[in-house]
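Since the structure comes first, as structure tokens, the remarks are kept for the end.
The values are calculated or read from the model by the stated rules, or taken from the named source; none is laboratory data. Source: prediction; values computed, not measured. Quick reminder, even Gly has a Cβ in these numbers, built from the backbone with ideal geometry, and neighbours come from all protein chains shown. Heavy atoms of the whole protein, side chains included, go into the accessibility calculation; ligands, DNA and RNA do not. Shrake-Rupley method; radii C 1.70, N 1.55, O 1.52, S 1.80 Å.
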Amino acid sequence: MDEKSKKKQETDKRYLRMAAIWAENSYCKRRQVGALIVKGNMIISDGYNGTPAGFENVCEDADNVTLPCVLHAEANAITKVAASSNSSEGATIYVTASPCLECAKLIIQSGIKRVVYSEEYHTNEGCELLRRAGITVDFLEVGS
Ligand SMILES: [Zn+2]
């Protein structure tokens with residue numbers, strides 16, 4: 001790997017580690033996921049999985065099943081950009097777990113061009129959809 005690619009990968013890993021730290025904000029008990037949207041070396045948005053604004057900070061029901069109202073980290077990060085003066089067009093999203101199908105659709109619609117994730121989650125149908133849409137999908141193990 002050349003010097004430039006090496007440097008890029010190190011930066012990618014740093015953003016993924018930041019996304020993992022950001023995931024700690026989540027009230028969800030089953031799984032904490034964090035996401036960062038980066039555009040031109042600037043973090044333009046962040047998100048973690050949780051309930052919509054104004055809802056109780058509880059993500060699971062009594063049987064420890066995730067409530068249907070819980071938004072995924074990617075969805076929270078994307079909607080946060082939408083509410084700001086920034087645009088996610090051409091941006092990269094760093095997420096601690098591979099995007100699900102629903103989030104993949106949102107990523108495609110938001111104009112994000114690259115997805116970097118550090119953990120495989122459920123199926124890879126989300127990643128497959130992203131690739132079909134011409135989005136670069138990179139898996140990168142972060143380690144400690
Ligand atoms: Zn999702």
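Before moving on, here are some points about what is shown:
- Check on ALA53, away from the ligand (no atom under 16 Å from the Cβ) and buried (at least 21 other Cβ atoms within 10 Å of the Cβ): no
- Segment 14-42 - residue that is in contact with a Cys (Cβ under 8 Å, 6 or more places away or on another chain) and either surrounded by fewer than 20 Cβ atoms within 10 Å (Cβ to Cβ) or of a type in the set (A, V, I, L, M) (or both) and, of those, farthest from ASN64 (Cα to Cα): TYR27
- Residues within segment 117-143 that are of a type in the set (Ser, Thr, Tyr), farther than 15 Å from GLY34 by Cα and either open to solvent by less than 60 Å² (accessible area, probe 1.4 Å) or away from the ligand (no atom under 12 Å from the Cβ) (or both), tallied: 1
- Only residues that are within 11 Å of the ligand (Cβ to nearest atom), in a strand (DSSP E or B) and within 19 Å of ARG14 (Cα to Cα) were counted in segment 69-116, giving 1.
- Within segment 65-89, restricting attention to residues that are more than 18 Å from the chain's Cα centre (by Cα) and open to solvent by 80 Å² or more (accessible area, probe 1.4 Å), the residue that is farthest from LEU101 (Cα to Cα) is SER85.
- For beta carbons closer than 7 Å, sequence separation of 6+ or different chains, a first residue in segment 89-105 that is without any contact (Cβ under 8 Å) to a residue 60 or more places away in the chain and a second that is of a type in the set (Gly, Ala, Ser) and more than 12 Å from the ligand (Cβ to nearest atom), the qualifying pairs are GLU89/GLY111; GLY90/GLY111.
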